[in-house]
Amino acid sequence: MSFREEHDLHKRRFGRNLGLGLVLAAFVALVFGLTVAKVTTDDFTMQPSSEARD
């Protein structure tokens, strides 16, 4: 019982799928990081500017 050699098409497809998976994982990590940063900054308050009082 021998395994056939993998075709070049499958190697290229795997490379593309791996690249797309890494990009997707980076996007999910970015959105998660921005969400955590937005939720945990409770002490940040906007000071009213002098222009808004005029």
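Observations
- The stretch between residue 36 and residue 8, if pulled fully straight at 0.36 nm per residue, gains 5.9 nm over its current Cα-Cα span.
- Multiplying the residue separation of residue 16 and residue 29 by 0.36 nm and removing their Cα-Cα distance gives an extension gain of 2.7 nm.
Coordinate-derived values only; no laboratory data. Keep in mind that what you see is a predicted model, and the values were worked out from it rather than measured.
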